[in-house]
1. For residues that are closer than 16 Å to residue 135 by Cβ and part of a loop (DSSP other than H, G, I, E, B), tally how many sit in region 231-249.
2. Taking helices (runs of 4 or more DSSP H) that fall entirely within region 43-114, which contain at least 1 residues that are in contact (Cβ under 8 Å) with a residue 12 or more places away in the chain and under 14 Å from residue 127 (Cβ atoms)?
3. For region 206-213, does any single residue satisfy the condition of being at positive phi, open to solvent by 10 Å² or more (accessible area, probe 1.4 Å) and not polar (S, T, N, Q)?
4. Which one is nearest to residue 349 (Cα to Cα) among residues in region 241-288 that are of a type in the set (Gly, Ala, Ser) and touching a Pro at 6+ places or on another chain (Cβ under 6 Å)?
5. Looking at region 122-138 only, could you name the residues that are within 19 Å of residue 87 (Cβ to Cβ) and in contact with a Pro (Cβ under 9 Å, 6 or more places away or on another chain)?
6. Please work out which one of (1) over 20 Å from residue 252 (Cα atoms); (2) among the small types (Gly, Ala, Ser); (3) surrounded by fewer than 23 Cβ atoms within 10 Å (Cβ to Cβ) is the condition residue 191 fails and give its number.
7. If I filter region 227-240 for residues that are open to solvent by 30 Å² or more (accessible area, probe 1.4 Å), under 17 Å from residue 144 (Cβ atoms) and among the aliphatic types (A, V, I, L, M), do I get at least one hit?
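The values are calculated or read from the model by the stated rules, or taken from the named source; none is laboratory data. Here the structure is a predicted model, which is why all the values come from computation and not from measurement. Cβ placement follows ideal geometry from the backbone for every residue including glycine, while neighbour counts extend to all protein chains displayed. Protein only, heavy atoms only, side chains kept; ligands, DNA and RNA dropped before computing areas. Shrake-Rupley method; radii C 1.70, N 1.55, O 1.52, S 1.80 Å.
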Amino acid sequence: MAAKKPTTKSTTKKTTKKKSAKEENTSSMWGGRFSTSMASSMERLSVSLDFDSKLFREDIEGSMAHAHGLLAAKLITVQERDQMLGGLRGILTDLENGTDLFSPGDEDIHMAVERVLTERIGDLGKKLHTGRSRNDQVSTDFRLYVMRRCEELTGQIEELQRALLERAKEYRKDLMPGYTHVQQAQPIFIAHYLLSFFYALERDKSRLSHVWQTAGEMPLGSGALAGSAFPYQRDVVAARLGFPAVTRNSIDATAHRDFALEFLGALSCIGVLMSSYAEDFVIWSTSEFGFLKLGEAYTSGSSMMPQKRNPDSMELVRGKAGRMLGAYTRLFTTLKGLPHGYNRDLQEDKEPVFDAVETAEVCLQIMTEVVSTLSFQREAILKKMQPALLATDLADLLVENGTPFREAHHIVGKLIGEAEKAGVSFLDLPAASWKSIPNAVAMKKQLTFAASAERRNIQGGTGSQSVSAQLKEAEKLLKWSE
């Protein structure tokens, strides 16, 4: 029996469900000049509440400050301001408690808050947007968000720095090979290595501080483009929100997102820095190196191979640096070539920032915990340190004996090459190989890993005195930030 041909026409009568008042809210805030409602496809493209709802605190606090501004401009009464503030506080409390106040018709967090406020306090809620555009409103919210995340991330960086400082103190007397080109280069103290991470993070804090200053100009009062027509006391509102200044040009205030781009650049630098040290930890935890062990809580196993203990935490930190760089590239591409004034393209500015912030937060937390729990394997490290680490020291000793450095470099390089061919350490070559070196016996006695490190007590160097000075400076920097 032949299969029944499937029908291509539905036999079920379609019914169109009438939208509720809440569902029709998408365009009700600005739909006066329109004769038709927004197409459903346009709603899908346009609605941003699913991600910009992350700004609910900043949006509500911005509206509360704006209410004070409306009172100062004599656009509302004290009683009206207080009623607005009460309604806004209630919305903030409900959202912080997880109450779902949003409806399908809410276009974004700004319109959602205004709708709920109007439902709760009546037509007075319709006065809240007086003298304000979503253009200056969203810029204010976003700048507040960036400033606050800068403060929180700076705190997280300092926690990582504290962990690094404590471990540096613990390993201040222990040597390890320092690397260039992933080749053993010169002896260093483990503390010196850990402090290199500490001081690089100090610059990351400086970048975040600059972002905070860049974002710290309040746009409210700028309106859509040309500024508010009302006597809005911008400095008063800015002070309430914690902005140190107000924007100096209303077009600039509403159109530009360089503060967000700079923020993503700073986060990318943090990601790349952590990726570099994560790579070290991954390599050094291998059986081939055996320099360190990661805490078990920050490793994982294999679904097939019972023996595996994989450094997944550090691999993920390494990988997520690319995610933060991608967020930076995404926003940079969005901003390129935009005409002056606000454009809807700028709706795309928030998601990459939100994602990069969340990624940076978890990576900093993981890195802090990993540093706090890892253990350097002192004996294994010493066994892997190659005598060739002392080649530069021999060249330096020759220089001190009067040999020009380039000639000394050539002499030692020849020794190293001969030792490599013979399959021995250059220190174990016969006396005949050392005949071109004056006081060879005395010089050999000075060629130890400890002596090499101690020759480098220059400011910032790996000598124990220099490392002690770096530890003290690190402690001061953390105390200043408290």
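1. Total satisfying the criteria: 3.
2. Working: elements: 49-52, 56-72, 78-96.
Where helices (runs of 4 or more DSSP H) fall fully within region 43-114 and carry at least 1 residues being in contact (Cβ under 8 Å) with a residue 12 or more places away in the chain and under 14 Å from residue 127 (Cβ atoms), they are 56-72, 78-96.
3. The answer is no, given that none of the residues of region 206-213 is at positive phi, open to solvent by 10 Å² or more (accessible area, probe 1.4 Å) and not polar (S, T, N, Q).
4. 253
5. Within region 122-138, 137 is the sole residue that qualifies.
6. So residue 191 meets the others, but not (3).
7. For region 227-240, residues open to solvent by 30 Å² or more (accessible area, probe 1.4 Å), under 17 Å from residue 144 (Cβ atoms) and among the aliphatic types (A, V, I, L, M): present.
Yes/no per residue for (1) more than 33 Å from the chain's Cα centre (by Cα); (2) of a type in the set (Phe, Trp, Tyr); (3) closer than 27 Å to residue 354 by Cβ:
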position: 88; (1), (2), (3): no, no, yes
position: 99; (1), (2), (3): no, no, yes
position: 115; (1), (2), (3): yes, no, yes
position: 123; (1), (2), (3): yes, no, no
position: 146; (1), (2), (3): no, no, yes
position: 151; (1), (2), (3): no, no, yes
